[in-house]
Every structure is written in C-alpha cells, then in structure tokens.
Amino acid sequence: MKQLMKLNPIEKVLSDIHVFFGRSYDPIERIELTRAFGRYLASDIISKEMIPDFSKSTVDGYAVHFLSGPCTLKKVGESLMGSGNMSVLNKGECIYVPTGGMIPEGTETMVMIEDTEVLSADSVYFKEAFVERENIIERGSDMSIGQVVLTKGMRIGTHEIGALAALGHFQVEVMKSPEVTFISTGDELTESSEPLKMGQIREINTFALASIAQKQGLEVIMRKIVKDDYAEIKATIEDAISKSDLVFISGGSSVGEKDYTYELLDEICDAGVLINGMAIKPGKPTIVSKHGDKPVIGLPGHPVSSIIVYELLASEILRSWGFKVPRHKSVEVTLSQSVRPAKGRDTYQMVQIKEVDNQFVAVPTSGKSGMITLLTGSNGYVIVPKELDQLTEGSKVRAYYFN
C-alpha cells in the first residue's frame, strides 16, 4: 500500500543517516602506493622519522655565520648532494651548498649566490649584512617523530601520496572500496545504441550515478535496467542486496500506478522504509530503507533529481562509516537574478558560476529536472531556503561547485 510522502527537512535526513547507518567500516586492504590515489586511509599515519632528517638549504648559495656587513670570506669547501656534510664551519669561512643540500655544522644562515661575487677559487665577496637564519629548512621542521601526519578516513590525493612516500610508506592500508549497485526502472528505458522506438528513451541515470560513485571511491559492481514489473524489480533488488554494500534504485519512488519502490523496499528490507520524501527541490520523491546494515535507497527518476539526491545521501552514508568524503567547494557570489524556493522545500537552484571583474557571479540556469542539459549548462548550485520568499537579484550568497 502506497504511503503519502512526508516533507522531511534535508538537515534531519542527513542527521538520521548517521543514526540509521553509522558504524565503523572495518574491511581494509594493503595496496601499493602507486595504486593508492583516491583511496581512503585505514589508520592514522604517524611519523617515525624526522623529515627532513638534516637541516638543508632552500637556495643555491653559501653557508656562513651571521654577517654584520659586506665582507670577503674564504671558501673552504662545498656540500655534495646525497652525501653527509661532515664539515664544520668557522667564522670567516663559507661553504657552497646547493638547493636541498645538507648544511654544515656551525651554519647560521644561507646566502643566495645572487648576493655574492666570486673573487677567486677560494674567495667570495658578500654584498650586504645577513643577520637572520634565512633560507634554511630545519631538521624535523616538516615532520617530527610521533607526529600524526595523515588521519584515518582521509582521501589520498597528490599531496598525501607525497607525504607517504617521504615517510617510506610504499605500501599502505586503505579502507576497502564499498561495492554499490545501481538499478534503473521503467518500461521506456533502453541502453541500446540502435535508433529509438516510439516512446523509448536512453537510460542515463546509472551511467551518471556510476561516474559519481567512482569519483567517491566506490566500486560499481552492477548497473541494471529493469522493466516496470513488480516481481522482476523485487528479484533484482534482492540480488543486489546480497552482493552489494549499497543499493540505489532510480525511478518508481513517486506515487504513480507503476511506482513500486516504496512497496518493494517495505517488503524486502528488514528495517522497512525509514524515510519517504524529502523537503528539497529537486528530490522530493526519495526513499531511504535498510536491510541488515545495508542502505537501500530509492531515488527520483529525473536525472537532475537523481544525481543531486544520490550525491547528498551517498556522501553522508560514507561519512557515517568514517570515510572523509570532501564536501563541495563554495564561493561567495552575487546572484544575477532573483530565484524562489518551491513551497515548503529548500531549492537547489542550478547556476553557472562565473568570475566577472574579479568578483564571482551566479547566473541561474533554467529547465525541468528531467533535462540533462540543466546539468551540462551548470557548474554549481545555490540553496534557496524554504523559509524565504525569494533570493533577490544582487543578493550575496554561497554557491557550491559540483565536484
């Protein structure tokens, strides 16, 4: 029996996600660092070394004692890259050190070669005073023993790869990628590259959602299109639950004659339907259910709605499991025209964020949630709270970039 949708505020839905699904996600695997980009750390990374392990120069130049003014010093040697510098620097002396080279004991500052003049093979003129400890990276100033360099659940990007390599972690333990299945329902859907028959449309939701899932670090194990047949959809969902950590069903979540998702999830999932409807536009017909500890989510069928709701809920589910999924970057913008919220719902208004005269402007893009060009013509969104009558032209608001 169909149930009336309730306009659950999005803040409550995201909070309830942690109540319904929050747990410690334990499956881990050990992989080569070369394969770790985009994965999530399974534990804190604590430095067991001093990085750098020696004080080094940030410039090509000369190691000297503090200089009170212009002077000529005796060059007594040079530091070789990749070898320990056991020299001891005395007053009146200088030693050449290349960028990244180990500075000798007794060094008080590094002088750039541009601030000197070579007079002879063993004589260097310094053009001015140098009284600060400049151009030196101190031993352990980057990472020290016992320092937590990276934290559990962090997404491994380029900078994290560099830190792991610096610490000698050429293998790393990561959280196993959760497996996800996407099911799209509808008699009109086809995946064929052949010419469309009358009344058919090409299915796009599972392709678009799978691409977001891969970007989030999930492993897509199945995409399937199913006709509007109760028994066939039920069998497909049950199979997906048995094989996947998360299941998303696109379409059939509204109140039409062949919208079966509510009844199916209420029948299949041992926890039944937990949420039916969200107070956002687009995305009102959203269903959240649970079987065991697995989220089973009914998404709207329209592409824009499906994509927005999927990213909101999947990201929050992953966060409830300890994955530190990055949030959308935002910037303050000026609205180029007024926008209104849907009655009783927060509205995610698609926009094109542009930089004009060194300021950011958000130009609302128009179209129905069934139009994929609404997304291709947008690079972000602004949120119009349901409590407002409108956001007026010229308003300063935050706009969020799509990841």
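Structure notes:
- Spacing of the two label points (7 Å from each Cα toward its C-beta) at residue 129 and residue 49, in nm: 4.0
- Think of the chain as a dipole: +1 on every Lys or Arg Cβ, -1 on every Asp or Glu Cβ, centred on the Cα centre; then among 136, 247, 68, 247 lies furthest on the positive end.
- Among 205, 358, 135, residue whose mean-square fluctuation peaks in a GNM of the chain (springs only between Cα atoms under 10 Å): 358
- Counted by neighbouring Cβ atoms within 10 Å, the residues 109, 72 run from fewest to most as 72, 109.
- Dipole magnitude of the chain, debye to nearest 20 (Cβ charges: Lys/Arg +1, Asp/Glu -1, about Cα centre): 1040
- Legend: helices of the chain (whole DSSP H runs) are marked when their alpha-carbon atoms reach 15 angstrom or more along the helix axis and their mean Kyte-Doolittle hydropathy is at least -0.5; marked are 10-21, 205-216, 230-243, 303-320.
- Nearest-0.05 FRET efficiency for residue 81 and residue 389, computed from C-beta distance (R0 45 Å): 0.10
- Considering all C-alpha pairs of segment 330-401, those separated by over 22 Å amount to 15%.
- Coarse-grained scattering of segment 111-259 at q = 0.14, 0.16, 0.20, 0.22 Å⁻¹, given as base-10 log I(q)/I(0) from a Debye sum over alpha-carbon atoms: -0.87, -0.98, -1.20, -1.35
- Equivalent-ellipsoid semi-axes of segment 259-401, from the Cα gyration tensor, Å, largest first: 31, 17, 13
- Gaussian network model of the chain, Cα within-10 Å springs - most flexible of 121, 271, 42: 121
- One decimal place: the segment residue 229-residue 90 gains 41.3 nm when fully extended, by the rule 0.36 nm per residue minus the C-alpha distance.
- In terms of Cα atoms, the Rg and Dmax of segment 225-322 work out to 12.5, 39 Å.
- Of the cross-linked pairs 324/354; 12/215; 91/127; 12/290; 290/386, those separated by over 23 Å at the C-alpha level are 324/354; 12/215; 290/386.
- Over the chain, relative contact order from alpha-carbon pairs under 8 Å, at least 6 apart, %: 16
- Pairwise alpha-carbon distances in the chain exceed 40 Å for 40% of all pairs.
- Cα-derived Rg to Rh of segment 56-137, Kirkwood definition: 0.91
- Sorting the segments 178-186, 384-392 by their residues' average number of neighbouring beta-carbon atoms within 10 angstrom, most packed first, yields 178-186, 384-392.
- The chain: most fluctuating residue of 213, 36, 235 per GNM, C-alpha cutoff 10 Å: 235
- Estimated distance in nm for a label pair at residue 15 and residue 99, the labels positioned 7 Å out from Cα along Cα-to-Cβ: 5.3
- Qualifying trypsin sites (Lys or Arg not before Pro) in segment 183-246, DSSP loop, other Cβ atoms within 10 Å at most 13: 197, 227
- Working note: Karplus 6.51/-1.76/1.60 with θ = phi - 60° gives segment 22-37 the couplings x, 6, 7, 8, 9, x, 10, 8, 9, 10, 5, 4, 5, 10, 8, 4 Hz, where Gly and Pro are set to x.
- Coordinate range of the alpha-carbon atoms in segment 122-171 per principal axis, descending: 53, 20, 17 Å.
- Counting beta carbons within 10 Å around each of 400, 348 and listing the fewest first gives the order 400, 348.
- Phi-based couplings in Hz for segment 389-396 (Karplus 6.51, -1.76, 1.60; Gly and Pro marked x): 6, 5, 9, 7, 3, x, 4, 8
- Residue 169-residue 215 pseudo-label distance in nm [points 7 Å out on the Cα-to-Cβ vector]: 2.6
Values quoted throughout were computed directly from the atomic coordinates according to the rules given, and no laboratory measurement underlies them. Predicted, not measured: the structure shown is a model, and the values here were computed from it. FYI the Cβ positions are ideal-geometry reconstructions off the backbone, even for glycines, and counts take in every protein chain you see.
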